[in-house]
């Protein structure tokens, strides 16, 4: 044990109020990205159901996104896009980069859920005289979305963790608040223990609410 | 054009650092994760509860925060190590929690009859674990485990934040110097994709093969 240092609890307690806006910012980035990623994921999953060039494009996009790190996506959007004339605020950059990547993960999840549904669902829809688009919209997608709740919940925890990366492009959320507080004090370790606890609490709330949603939308058998 | 080949060479070397770091992390996290997963299943309620809560905490905290926790935590307890060790340790700890979870999941999902069959044949409990439970469980765990490899490789990009010179940091540097961020990040994307995609593809392949047998 280093005799010169002790765990500085007072420091943490003094700076707890600083984390209020930071948590709000993290949640803002998180929810915006989650909604955008979910919409993108559903569209990509539908594109993969249709034979043709659109399916190929969606597959290539998904594999590219899944096999490259989020941090590089953030740098690409934040440093790369301005060079071709697209200048966005850090918040928009963060949301675009995170949701572009997580849309690919969610697309795979939703595609899996669509494939798990039995063929009869689709055929029953056709037999009722529904067009393929309406079968997708009213029969396949609602069931696929409900069945994918646990996996989407898991993925959203990973998205929450990825929001810590947007500190690298200067969005003042939990991570950047902790880093700047740690920089002007000797209590770095204390600071990161604090935000570790914050992230753990946020992830726990997220997985608890996923479990709740899962039970709420469960089949009544 | 000479610029471009120099850039490629520079980033190729950075990709080697990424690969080396990822390899260390994969090996470390496999060993730690297997131990955590198997010991957690075999031991009594106290030890397995402890292991499960450790796994829960490691999975619930972002890797970036864990990197900083190790970075500042080890010196706090008087242990001084270089940043490479910090990154390798932090990433491995996070990934090993996933490995442990996969191992636990595949052991739990084995039908109970397997166990009882072994016991009925007169095997000792340890023999049942060694010859019946583990071979089947580890086989079932293989596809999700393989899909952790690209996740680990991608996680090493976070080491750039504690200024370890690997592919992400190198591409950021080169982009800043050449002002050709578009091309440079494009090359970095391609390199990461070339490193990660074989594992992703192998994971798909294995999963298809294993599910084809089981149904």
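Rule-based calculations on the coordinates, nothing more; no lab input. What you see is a predicted model, and the numbers here were worked out from it, not measured in a lab. So basically every Cβ, Gly included, is an ideal-geometry build from the backbone, and we count neighbours across all protein chains shown.
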Under 1.5 on a/c is rounded, so check that first for region A:114-221, then, if it is not, pick prolate when a/b is larger than b/c and oblate when it is not; a ≥ b ≥ c are the square roots of the alpha carbon gyration tensor eigenvalues.
prolate
In degrees between 0 and 90, to the nearest 10, how far off the longest principal axis of chain B does helix B:45-60 point, with axes built from Cα atoms?
20
For a bin width of 10 Å, list the pair-distance distribution of region A:133-196 built from all Cα-Cα distances, rounded to whole %.
19, 29, 20, 16, 11, 5, 0
Report the percentage of all Cα-Cα pairs in region B:47-115 whose separation exceeds 21 Å, rounded to a whole percent.
38
Could you put B:98, A:138 in order, starting from the residue whose Cβ has the fewest other Cβ atoms within 10 Å?
A:138, B:98
Estimate the FRET efficiency between residue B:178 and residue A:209 by the formula 1/(1 + (r/R0)^6), using the beta-carbon distance for r and 45 Å for R0, to the nearest 0.05.
0.45
Please report the orientation-averaged projected area of region A:40-155, defined via the convex hull of its C-alpha atoms, in nm².
8.5
Taking Cα pairs closer than 8 Å and at least 6 residues apart, the relative contact order of chain A in percent is 27
Would you calculate, for chain B, the mean residue ellipticity at 222 nm contributed by helices, counting each DSSP H stretch of 4 or more residues as -39,500 (n - 2.57) and dividing by all residues, to the nearest 500?
-28500 deg cm²/dmol
Taking chain A as a Gaussian network, Cα atoms linked when under 10 Å apart, which of A:38, A:75, A:30 shows the biggest mean-square fluctuation?
A:75
If eta is 1.002 mPa s and T is 20 °C, what Stokes-Einstein diffusion coefficient results for chain A, Kirkwood Rh from Cα pairs, in µm²/s?
109
Could you check which residue among A:141, A:72, A:13 shows the biggest mean-square fluctuation in a GNM of chain A with a 10 Å Cα cutoff?
A:13
Alpha-carbon Rg/Rh ratio, for region B:2-43, with Rh computed the Kirkwood way
1.43
Normalising by the residue count of region A:1-102, find the relative contact order in percent from Cα pairs under 8 Å and 6+ residues apart.
34
Expressed in nm², what is the orientationally averaged projection area of the convex hull enclosing the Cα positions of the protein assembly as shown?
25.8
Based on DSSP H runs of at least 4 residues, each adding -39500 (n - 2.57), what is the mean residue ellipticity at 222 nm of chain A after dividing by all its residues, to the nearest 500 deg cm²/dmol?
-23000 deg cm²/dmol
Taking the number of other C-beta atoms within 10 Å as the exposure measure, put B:101, A:123, B:173 in order starting with the fewest.
A:123, B:173, B:101
Calculate how steeply helix B:63-76 sits against the longest principal axis of the alpha-carbon atoms of chain B, using the helix alpha-carbon long axis, and give the answer as 0 to 90 degrees to the nearest 10.
90
In Å³ and rounded to a whole number, note down the convex hull volume per residue for the Cα atoms of region B:1-139.
152
Based on the alpha-carbon set only, what is the convex hull volume of region B:87-188 divided per residue, in Å³?
99
Determine the shape class of region A:87-159: with a ≥ b ≥ c the square roots of the Cα gyration tensor eigenvalues, call it rounded for a/c under 1.5, and otherwise prolate if a/b is greater than b/c, oblate otherwise.
prolate
Could you line up A:169, B:194, B:95 from fewest to most neighbouring Cβ atoms inside 10 Å?
B:194, A:169, B:95
Connecting C-alpha atoms closer than 10 Å in a GNM of chain B, tell me which of B:106, B:48, B:157 has the biggest fluctuation.
B:48
Relative contact order, percent, of chain B when contacts are C-alpha pairs under 8 Å separated by at least 6 residues?
28
Which angle between 0 and 90 degrees, to the nearest 10, do you get for helix A:188-216 versus the longest principal axis of chain A when only C-alpha atoms count?
20
Name all residues of region B:19-45 having a backbone nitrogen under 13 Å from the label point set 7 Å from the Cα of residue B:130 along its Cα→Cβ direction, giving them as ranges.
none
Hey, for a label at residue A:10 modelled as a point 7 Å past Cα toward Cβ, could you say which residues of region A:188-203 have their backbone N under 17 Å away?
A:188, A:190-191
